[in-house]
Amino acid sequence: MAFPSGMVFHSLFRAHHNAVQTGLFQNGLGDIGSPRLLMGLRDQCSAGRTPSQRELADLLHVSAATIATSLKSLERNGYVARRTDPTDSRRNQITITEKGKAALDASHNVFETVDEFMFSGFSDAEIEQLNGFHLRMLHNLYEIGGDQDAPCPPPPPLPRKDDKLL
């Protein structure tokens with residue numbers, strides 16, 4: 001019996017996550033928690049920005065509470081620094097530290113290694129096609145509420161009395 005596509009996709013996501021976490025632990029980066037958050041922060045800082053927690057949440061399509069929790073851990077472990085915006089005391093500016101940059105370099109190697117194993121036996125054309133499919137699926141899910149700020153989809157219509165149930 002074949003697994004539904006959603007189950008295969010979920011299993012793939014979990015297996016990738018677990019392989020990355022194992023690699024991070026093996027490289028002494030078990031306390032990094034969210035390399036994706038550090039990557040987004042590095043990219044924003046490289047562009048000359050010091051994003052707020054809300055902007056990071058929007059960028060990564062997660063809740064502000066998730067970002068706040070992750071940032072506390074990253075700050076406690078010395079990967080990021082937070083300071084109050086001098087022009088708006090309600091806003092925290094987040095920057096990545098030198099320790100955070102070094103951790104990102106090491107975690108990048110972990111991601112590359114995991115990806116090499118994951119895509120073993122795939123041609124470049126197959127990988128490109130798969131990435132295209134994933135981006136389309138992501139866009140489709142964002143359209144129906146898969147994004148933090150997207151509206152929830154309307155419920156499906158109720159069956160009418162004369163509709164046949166299959």
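The values are calculated or read from the model by the stated rules, or taken from the named source; none is laboratory data. Just so it is clear, the model here is predicted, and its values are computed rather than measured. Quick reminder, even Gly has a Cβ in these numbers, built from the backbone with ideal geometry, and neighbours come from all protein chains shown. The protein model used for the area step is the full one, side chains on, heavy atoms only, and it has no ligands, DNA or RNA in it. Shrake-Rupley method; radii C 1.70, N 1.55, O 1.52, S 1.80 Å.
Quick notes on this structure:
One line per residue, one yes/no per condition, for (1) within 30 Å of Ser5 (Cα to Cα); (2) hydroxyl-bearing (Ser, Thr, Tyr); (3) modelled with pLDDT of 90 or more:
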position: Thr87; (1), (2), (3): no, yes, no
position: Arg90; (1), (2), (3): no, no, no
position: Val110; (1), (2), (3): yes, no, yes
position: Phe122; (1), (2), (3): yes, no, yes
position: Pro151; (1), (2), (3): yes, no, no
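- Taken together, the residues in segment 57-78 that are touching a residue at least 12 places away in the same chain (Cβ under 8 Å) and in contact with a strand residue (DSSP E or B) (Cβ under 7 Å, 6 or more places away or on another chain) amount to 2.
- Candidate set from segment 28-43 (those that are over 15 Å from the mean Cα position of the chain (by Cα) and surrounded by 13 or more Cβ atoms within 10 Å (Cβ to Cβ)); member that is farthest from Ser120 (Cα to Cα): Asp31
- Taking segment 99-146 as the range and being more than 30 Å from Ser73 (Cβ to Cβ) and open to solvent by less than 60 Å² (accessible area, probe 1.4 Å) as the test, the residues that pass are Phe119, Ser123, Ile127, Leu130, Gly132.
- Scanning segment 44-56 for residues that are in contact (Cβ under 8 Å) with a residue 40 or more places away in the chain and either loosely packed, with under 15 Cβ neighbours inside 10 Å or part of a helix (DSSP H, G or I) (or both) turns up Cys45, Gln53.
- Picking from residues in segment 1-27 that are within 30 Å of Gln93 (Cα to Cα) and free of Cβ contacts under 8 Å to residues at least 40 places away in the same chain, the one that is most open to solvent (accessible area, probe 1.4 Å) is Phe25.
- The residues of segment 113-143 that are charged (D, E, K, R) and over 16 Å from the mean Cα position of the chain (by Cα), listed by number, are Glu116, Asp124, Glu126, Glu128, Arg136, Glu143.
- Scanning segment 61-95 for residues that are open to solvent by less than 20 Å² (accessible area, probe 1.4 Å) and of a type in the set (A, V, I, L, M), we see that the one that is nearest to Gly145 (Cα to Cα) is Ile67.
- When we screen Leu74, Leu135, Leu141, Leu59 for residues that are closer than 18 Å to Val20 by Cβ and part of a helix (DSSP H, G or I), the only hit is Leu74.
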